[in-house]
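Structure record follows, encoded as structure tokens.
The values are calculated or read from the model by the stated rules, or taken from the named source; none is laboratory data. Only a predicted model underlies this, so the values are computations on that prediction, with no experimental measurement involved. We place every Cβ from the backbone using ideal geometry, glycine too, and count neighbours over all the protein chains shown. Protein only, heavy atoms only, side chains kept; ligands, DNA and RNA dropped before computing areas. Shrake-Rupley method; radii C 1.70, N 1.55, O 1.52, S 1.80 Å.
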Amino acid sequence: MMRFSRWITLLGILWLAACSGSDSPVEEAAGAAGSQSVSGVSAAVDRVETQRVALGEIRTSMAASGAVRARRVTEIGAEVSGRLIEVLVDVGDAVEEGDPLFRIDARPYELGLAEARAGLALARAESENARHEVDRVSKLIEQSAASEQHFDQLQTAAAVARAQVEQMEARVARAERDLECTLVRAPYAGSVVERRAHEGAMAGPAPILVLQETGALEAVLAIPDAWPAPVRTGAEVRLYVEGLGEPLLTRIDRVSDRVDPETHTYEVRGPVDDPSRTVKAGSYLRAEVEMGSGAPAPIVDRSAILTRDGRSYVFRVSGDIVERVAVRVGIMDENRAQILSGVASGDEVVRGDAVGRLESGARIERIEGVSARSARAGATP
């Protein structure tokens, strides 16, 4: 009996241990499978915020640099060669159109003009004599007192004499012009910014002075070709120049069609209106160029843009599946981005923190109350 009661006690202890322990192996396997199923669903479905792509316009400004230049800067030399005998202006002098700048020795050209005029007088006398001879022989022909052949020869000689007169008239005109060019005048109102020769030097086509147009300054800016939108005529610009407390306002009036292959920039220009006359040609300047997207274009929140390996993407939503789509991004401001290609107005895209963890083909669940809305700045401000 004692042995039997011990067995009963032992079996009771084992039974209590079994009831208070873990589940059976079958139940444990089933529980593990269920846990994997639940975790699998949570990994496949991501709760995200979405928006509708909307048409709109973005305006922002971009920084550029450049210099102040005169609209016209001319290197002035002499049209005729000779010794430079007088320079009438110096660096910093202001001149009006037609004012004398420098003088070339005129004596050789005065002699050349006198010689040409003497030659013209001789040619006119010979031409007059030839004309009289033709008239005289013409009367003899009427009386049959001269041959037709001789008359023809006289007519030819008279024509040659007239041509020589015209030739000498052109020579006199050229000599007068050469003499006039010994005094060089300003082609427009400006200021002398450089002097390259002094009295006694031999003058010719090489520049003697450099003249800069008065009051006609312009900003010349170098625009990177990689900017997301081209600068167009009419764009507003704020110019910051050393020495001026406030920026100068201007608009772009010329845009170069050429991109410099070395700097990968192109030039844009706009007038500089400085009533204080503080700004000088050659001054360095900084600029803020107002950029606009022009015609309405697809606009999304910047948080919708994913950048990987130098390329930009968005996640476009179809049903509850997302597709990663390559896009070309244009102008951006603090909150918005212009899309040049890849998506269209009305497309639904993911935005917010979820963009950084999604992959193409992922299943999503929209966050109620904030999804499927247009971009905050889809409308033009």
Per-residue accessible area for Glu236 at 1.4 Å probe radius, Å² rounded to 10?
90
Enumerate the amide H contacts of Ser81 below 5 Å, restricted to partners 5 or more residues apart or on another chain; note that Pro and chain-start residues carry no placed amide H.
none
Dipole magnitude of region 50-130 about its Cα centre (Cβ charges: Lys, Arg +1; Asp, Glu -1), debye to nearest 20:
720
In nanometres, the difference between 0.36 nm per residue of separation and the alpha-carbon distance of Gln167 and Ala206 is 11.0 nm
Karplus 3J(HN,Hα) series, Hz, for region 48-57 with 6.51 cos²θ - 1.76 cosθ + 1.60 (x for Gly, Pro)
9, 9, 10, 8, 8, 5, 10, 6, x, 10
Contour minus Cα-Cα distance for Ala344 and Leu88 (0.36 nm per residue)
85.3 nm
Quick calc: nm separation of the 7 Å Cα→Cβ label points for Ala121 and Glu323 -> 9.8
With θ taken as phi - 60° and the coefficients 6.51, -1.76 and 1.60, list the Karplus ³J(HN,Hα) couplings across region 232-248 in order, rounded to whole Hz; mark glycine and proline as x.
10, 4, x, 5, 6, 9, 9, 9, 10, 10, 4, x, 10, x, 10, x, 8
Calculate, in nm to one decimal, what Glu96 and Trp227 gain on full extension: separation in residues at 0.36 nm each, minus their alpha carbon distance.
42.9 nm
Trypsin sites (Lys or Arg not before Pro) within region 210-291: DSSP coil, no more than 16 neighbouring Cβ in 10 Å:
Arg232, Arg258, Arg277, Lys280
What spacing in nm lies between the two simple spin-label points modelled at Ala189 and Asp46, each 7 Å away from Cα in the Cβ direction?
6.8
Cα-derived Rg over Rh, computed across region 124-225 with Rh taken as Kirkwood radius:
1.46
Ignoring ligands, DNA and RNA, what percent of the accessible area of region 146-239 is carbon or sulfur (1.4 Å)?
51
Site Arg251, offset 7 angstrom along Cα→Cβ, radius 11 Å on amide nitrogen, limited to region 205-240, gives 233-237
Under 5 Å, built H, 5+ apart or other chain: amide partners of Arg366
Val48
For the pair Arg59 and Arg308, the simple spin-label estimate (label points 7 Å beyond Cα toward Cβ) gives in nm 3.7
Average silhouette area of region 248-351, convex hull of alpha-carbon atoms, in square nanometres:
9.9
Using a 1.4 Å probe and ignoring any ligands, DNA or RNA, find the accessible area of Met62 and quote it in Å² to the nearest 10.
40
Sequence order, region 350-362: Karplus ³J(HN,Hα) from phi using 6.51 cos²θ - 1.76 cosθ + 1.60, θ = phi - 60°, Hz rounded, Gly and Pro as x, gives 7, 9, x, 5, 4, 4, x, 10, 7, 10, 4, x, 5
